[in-house]
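The values are calculated or read from the model by the stated rules, or taken from the named source; none is laboratory data. This is a predicted model, so every value here is computed, not measured. Using ideal geometry, Cβ is built from the backbone for each residue, glycine included, and neighbour counts are taken over all protein chains shown. The protein model used for the area step is the full one, side chains on, heavy atoms only, and it has no ligands, DNA or RNA in it. Shrake-Rupley method; radii C 1.70, N 1.55, O 1.52, S 1.80 Å.
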Amino acid sequence: MGEPSQRRVVIWGHLLLLCVVAVVILAYWLDARGTSLKINNLLLVQPAAIFGLILVALVLPQVFPKVPREDVPDAAQRRKELLEVGRVALLAGAFGIFVFSLETIGFDIATFVFVAVGLYLCGEKKLWVVGTYSAVFSVLVVYGYQALVPYPFPLTIL
Amino acid sequence: MSKTLTRRTMLKVASGGIAASFAAPAILRAQSTYPDRPISVVVPFDTGGYNDRLARAFAPFLQEAIGQPLTIINRGGGGALLGHSYFMQQPDDGYSILCTSAAPYMPLNILTQDAPFKLEDFHMINLPSRDYTLMATSSESDIKDIEDVITRLKADAGALSIGIQPASADLVNVMLFADANGIDRDGLRLVTYDGGGPARNATAGAVVDIGLVGGQGFIPLAEKVRPLLVFDDSARDGWTSPTVTELNGADAEFVAGSQRGWGVHASFVEKHPDRYQTLLSAIESASKDEATITSLKAQDLATDWIGPEASNKALAATARVMTQHIDLLKGT
Amino acid sequence: MLDFSALDGAYSILTSSWSAWLWLIPGLVIGLVFGAMPGISITMAMAIFLPITLYMDFLPAIVFLTSIYTGAGFGGSVPAVLMNIPGTSSAVATTFDGYPMARSGRHNQALGVALASSVMGTLSSYVLLLFLIVPVSIIVLKLGPLEMFVIAVWGLLLLGSLAGSSVWRGLLAGIFGVLLGTIGMNTAGFIRGTMGVPWLLDGIPAIPAMMGLLAASQLLNLINTTYLIENEDDRKISFAKIIDGVKLTFKSPIIIFRGATIGVVIGAIPGVGSSISNLISYSETKRNAPDGDSFGTGNPKGVIAAESANSSSEGGAMATMLALGIPGGGATAILLAAFAMHNIIGGPQFIAQNRDIVYAIIFSNFAQAILLLIVGMGFVYLAASIVRVPLRFLIPSVLVVSTFGSYAILGSLAGPITLFVFAILGWAMVRYDYPVAATVVGLLLGSLLEQNIIRTWQISRGDLGYLLERPGAILILVVMIASIAFTALSKRRRKITSSVTDPAES
């Protein structure tokens, strides 16, 4: 494989993930050391954290792979990929809002809204289907779990 | 188990099921008086533990006495910190009551976990279950008695491995025991366990030389262990070992073990004295009811009536001793 | 070992009241439904029905509760296969091959295999129990921290086979999981990594985290797909194929036997039991199988290994409970409470005095296992219809059910928040080719590893001579190393022979 036919690329998403992992490990290690330096505290955590950081260093080169020139994604490919990730991000965002709004707006309303939005994002464009399904599903899941679980679910309407 | 049944059994089962699931109020009250809707019982532990079993076993009798169904809400985690905090966030209107191991968890939450509440925020109605630390060894062990333990530990404080829970009344007790008997407390070989159960199993299986754990939990394992010392001022549960007051004199220092039972918000007592009286007398009459006593005794659950005054006093006393030894409770 | 007069006593107990057997099927159905709902634990199901048993006689009460136990034990495998959701930590290894099978249109077989392995696991564990209850209970008490540490390391060996395309990434995913698994208050009382969040004191909630890593992350990705199974013809629900799966299971008696033995022995250890046994059984089977490389892509043997081990853990947990009066987990604690309600107190003296009751319980479990095959078949048939639901409905619905389930575990937002965070993490990991399963295994074993290495250090004070005082630990180590060496050897031999006979095979 000749050098000119290859190009180094940066996989930004992978770099970001690796940074998150490294920061979490480092922060945890420092926090553990801040709690106490006794062996009863650090016996497993310290060696594991060091090992983890070494592994991060070993994986790091894989973030900058050399790719054959013809495999470097062109603009159209990139746009398609971005679109796919975008849809996932939208759904994930909706899911996040759903999770954090459960206790404030009630499980019933949050569920109804999230299922409706999720259905729409996933490709169901008939609004009456979206509305009916979300309503029926919310009622079923709320009453179902309430009957089975020894906790109250904060509700607004049901 | 007789050989008749079928129809009779089915009827009994069916009626039992109905009684259990609907819990029809036995005393009908006017709508305006307390309680006019179901009462929640917050248990700051998961299903299956002592407090959960106590709450579920006592609930049928209490709901009959108070005339409204009880809903049990388990909020386990963080050594009862999460459940206690959750309870404090509930309105102090008497529709949420607490069934918990007030000691040692409330003092521990406050002393070691920056709890968002004070001991004075709670008011205990009845703490019928009062545990104690038991020092024990495996029945196969060559340790004969408490004198033997003291002799060995005096010669070398690390001679015996000691199974114990960190941040517990038991840990305070072993330190007080070391001080009282001329043993170097810093040299002790402590082996820490996350729960009473694992620590007891390790003791019974001779994985550790001695264990200090809540004594009531040892009862099912009585055959597998030899009791060495009871940390209380009188003999408990038929253990043949001496008590700490017999060993170190009547003024020997020790901490009581878990104190479990029923509590409410302290502010509820001031805001709604009439409701408080209703709840108090319901718990009192349910606790003293013959049927309750038979049923709970069979499950090894406590139902004695101690009353609010003695309960709160005992809890405060335990909290005081634990505060004195706060340095012991923060990691070993 | 068998006590015949007690067997006779057991027979008369079991035949004393035929009405008791009426509780078998309701118990199984309740267990199946509760077990299949993400986040609802076996303990919760049993705790809810415990008060009703107060009004029953002893036998029906125990039959009813143990049926729930048996049913719920299998119920958890259904979402594991169909949606990659391990409802409990004991169903983790089931997802490794069960879900890929379902995705490739072999959902019927996968469910049939899971059901039959569960039934066989339960049956064989109770047969073993009949003979081994006393020795198992003695071993359990003798297990010290060093032995537990070695067992946890054994579970960790699985990381090696989960690594995927890059060894470094696989190890990083595993060690990251181990570290996350130790967050919170450790066994010596030190609080680390909680960032002041009170619910992290007990560590990261494992089940929401697993549901996030394995299931929710998948669901997010599926937004660009229309059906769980791409090929329309494969989306059928067929009894014949479920039965195919059942038959397939019986062709692997060795895997079942190994799984059941691992399940009984490790399941008997209070507290950890079933969540490790399925991992060890899976990794042992994978290493020993001639087609080990296809594990993780939908090999039914993986499902058999996982399911036979996790269902037989029930028998192990019952052994500890019956012989020692020690509840290994919430479910057996509830059973002990039910015993107590009928004035039967568990403990070492219990098994000596009530051998007839013990045998009666074992026999009623035989009946449950066989009935489970029939009831489970119907249940699985209904549950499989999920593959016919278009994903646009399934994705938001299952995300919601997972959220409710993770709320149900702790009763607070802690569960849903964990689910969300780990869903994002899992999605990113899958995208960049990290094995999320390795993180899950690390997360499950992290605190177990830490607790036991710390306790070993506390007892031994760092003196290596302590190892010599623990023949049990040496034995486990030897078995483990021998098993690895044996596999390596036979693999080499296979490679040599296969390269001679069939050079084209890769």
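Only one of the numbered conditions (1) in a helix (DSSP H, G or I); (2) more than 30 Å from C:I357 (Cβ to Cβ); (3) open to solvent by 10 Å² or more (accessible area, probe 1.4 Å) is violated by C:G170, and that is (3). The condition of being within 30 Å of C:Y99 (Cβ to Cβ), open to solvent by 10 Å² or more (accessible area, probe 1.4 Å), aromatic (F, W, Y) and more than 9 Å from every other protein chain (Cβ to nearest Cβ) holds for only one of C:Y11, C:Y69, that being C:Y69.
State yes or no: is A:V141 facing chain C (nearest Cβ under 8 Å) and under 25 Å from the mean Cα position of the chain (by Cα)? The answer is yes for A:V141. Suppose the filter is buried (at least 23 other Cβ atoms within 10 Å of the Cβ), in contact (Cβ under 8 Å) with a residue 60 or more places away in the chain, aliphatic (A, V, I, L, M) and part of a helix (DSSP H, G or I); does C:A383 pass it? It is false that C:A383 is buried (at least 23 other Cβ atoms within 10 Å of the Cβ), in contact (Cβ under 8 Å) with a residue 60 or more places away in the chain, aliphatic (A, V, I, L, M) and part of a helix (DSSP H, G or I).
When we screen C:A268, C:A260, C:A206, C:A216 for residues that are more than 21 Å from C:A309 (Cα to Cα), open to solvent by less than 40 Å² (accessible area, probe 1.4 Å) and touching a residue at least 24 places away in the same chain (Cβ under 8 Å), the only hit is C:A216. So, in the stretch B:146-157, exactly how many residues are surrounded by 15 or more Cβ atoms within 10 Å (Cβ to Cβ) and in a loop (DSSP other than H, G, I, E, B)? Final tally of qualifying residues: 1.
Within the stretch C:332-370, the residues that satisfy the criterion of being farther than 21 Å from C:T43 by Cα, in a helix (DSSP H, G or I), at pLDDT below 80 and open to solvent by 20 Å² or more (accessible area, probe 1.4 Å) are C:Q349, C:A352, C:Q353, C:R355. Looking across the stretch A:96-115, the residues that are in contact (Cβ under 8 Å) with a residue 12 or more places away in the chain and either over 22 Å from C:F420 (Cα atoms) or in contact with a Pro (Cβ under 8 Å, 6 or more places away or on another chain) (or both) come down to A:L102, A:E103, A:G106, A:F107, A:F114, A:V115. Every condition in (1) within 14 Å of chain B (Cβ to nearest Cβ); (2) buried (at least 20 other Cβ atoms within 10 Å of the Cβ); (3) not aliphatic (A, V, I, L, M) is met by C:F176 except one, and the failing one is (1). Select from the stretch A:21-39 the residues that are more than 8 Å from chain C (Cβ to nearest Cβ) and open to solvent by 60 Å² or more (accessible area, probe 1.4 Å) and write down the one among them that is farthest from A:P65 (Cα to Cα). Ranking the candidates gives A:L37 first. Within the stretch B:223-280, take every residue that is touching a residue at least 40 places away in the same chain (Cβ under 8 Å) and hydroxyl-bearing (S, T, Y) and give me the one that is farthest from B:S96 (Cα to Cα). Checked the stretch B:223-280; the qualifying residue farthest from B:S96 (Cα to Cα) is B:S241.
For the residues C:A152, C:A173, C:A215, the requirement of being closer than 30 Å to C:V400 by Cβ and under 21 Å from the mean Cα position of the chain (by Cα) singles out C:A215.
In the stretch B:58-83, what count of residues is obtained for those that are within 18 Å of B:D36 (Cβ to Cβ) and either within 11 Å of chain C (Cβ to nearest Cβ) or in contact with a strand residue (DSSP E or B) (Cβ under 9 Å, 6 or more places away or on another chain) (or both)? Here the count works out to 7.
Scan the stretch C:153-205 for residues that are among the polar types (S, T, N, Q) and within 19 Å of C:Q451 (Cβ to Cβ) and the total you get is 4.
Listed here are the residues, each with its yes/no results for (1) open to solvent by 30 Å² or more (accessible area, probe 1.4 Å); (2) of a type in the set (A, V, I, L, M, F, W, C); (3) part of a helix (DSSP H, G or I).
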position	(1), (2), (3)
C:V400	no, yes, yes
C:Y407	no, no, yes
C:D433	yes, no, no
C:G442	no, no, yes
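Among the residues of the stretch C:81-108, those identified as part of a helix (DSSP H, G or I) and under 17 Å from C:A423 (Cβ atoms) are C:M83, C:V92, C:T95, C:Y99. For the stretch C:448-480, residues that are within 14 Å of chain A (Cβ to nearest Cβ), surrounded by fewer than 22 Cβ atoms within 10 Å (Cβ to Cβ) and of a type in the set (S, T, Y) total 1. Just to be sure, is B:K297 of a type in the set (D, E, K, R) and either touching a Cys at 6+ places or on another chain (Cβ under 8 Å) or closer than 24 Å to C:A333 by Cβ (or both)? For B:K297, the condition - of a type in the set (D, E, K, R) and either touching a Cys at 6+ places or on another chain (Cβ under 8 Å) or closer than 24 Å to C:A333 by Cβ (or both) - is met.
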